[in-house]
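What follows is a single structure, written as structure tokens, with notes after it.
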Amino acid sequence: MKFLIVFVFLFFDTGVYSQIIDKDTSDVVIRKTKKDIPVEYNISDVIIKLDKLQTKNVIRVDLDIPAKTTLSLSVSDTSGNTIIYLINDQTLKAGVYRVKWEMVFCRTSNCDYPPGRYLCAFETDQFVFTRDFYLK
């Protein structure tokens, strides 16, 4: 009976943890970087740098948007669970945008964003672009 209780607890704990979506987007910055109108939709490679204090990973993604579009930009883990919506069904005008997110830096598997592979998905009503990135 003890084994069953422990198993249920671990299963419950894992299920709840994987369903949590970070709703605090105060550390997400979206800004238009060019007035040029791109020809097609695109998402750049995801660039990761440590901040000056080396306490956060700065995740940077550039988006090309050729026409006014409602879109989402999300980060998920390899099991497909969404971690955060950097842009959540927001309408942006045509242009080139840079999205930065300061993700808490850690080197253990016991934190919200452990080292490993993540996916960044740029989604509109017509398509989905996905780029993967790795945290060390």
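None of the figures in this text is laboratory data; all of them are computed from the coordinates on show. None of the values given here were measured: they were computed from a predicted structure. Cβ placement follows ideal geometry from the backbone for every residue including glycine, while neighbour counts extend to all protein chains displayed.
For residue 112, the requirement of being out of contact with any Lys or Arg (no Cβ under 8 Å at 6 or more places or on another chain), of a type outside the set (S, T, N, Q) and under 21 Å from residue 64 (Cβ atoms) is not met.
Scanning segment 63-77 for residues that are among the aliphatic types (A, V, I, L, M) and within 14 Å of residue 127 (Cβ to Cβ) turns up 63, 65, 67, 71, 73. Within segment 98-126, residues that are at positive phi reach partners that are assigned to a strand (DSSP E or B) and of a type in the set (Phe, Trp, Tyr) with beta carbons closer than 9 Å, at six or more positions or on different chains, in the pairs 116/134.
Taking the criterion of being acidic (Asp, Glu) and touching a residue at least 12 places away in the same chain (Cβ under 8 Å), the residues of segment 24-55 that qualify are 27, 36, 40, 45, 51. If you check residue 89 against the conditions, is it surrounded by 15 or more Cβ atoms within 10 Å (Cβ to Cβ), under 16 Å from residue 129 (Cα atoms) and either of a type in the set (Val, Ile, Thr) or free of Cβ contacts under 8 Å to residues at least 60 places away in the same chain (or both)? In short, no.
Taking the criterion of being more than 24 Å from residue 112 (Cα to Cα) and part of a strand (DSSP E or B), the residues of segment 35-61 that qualify are 42, 43. Screening residue 113 with (1) touching a strand residue (DSSP E or B) at 6+ places or on another chain (Cβ under 6 Å); (2) assigned to a strand (DSSP E or B); (3) not hydrophobic (A, V, I, L, M, F, W, C) gives one miss only, at (2).
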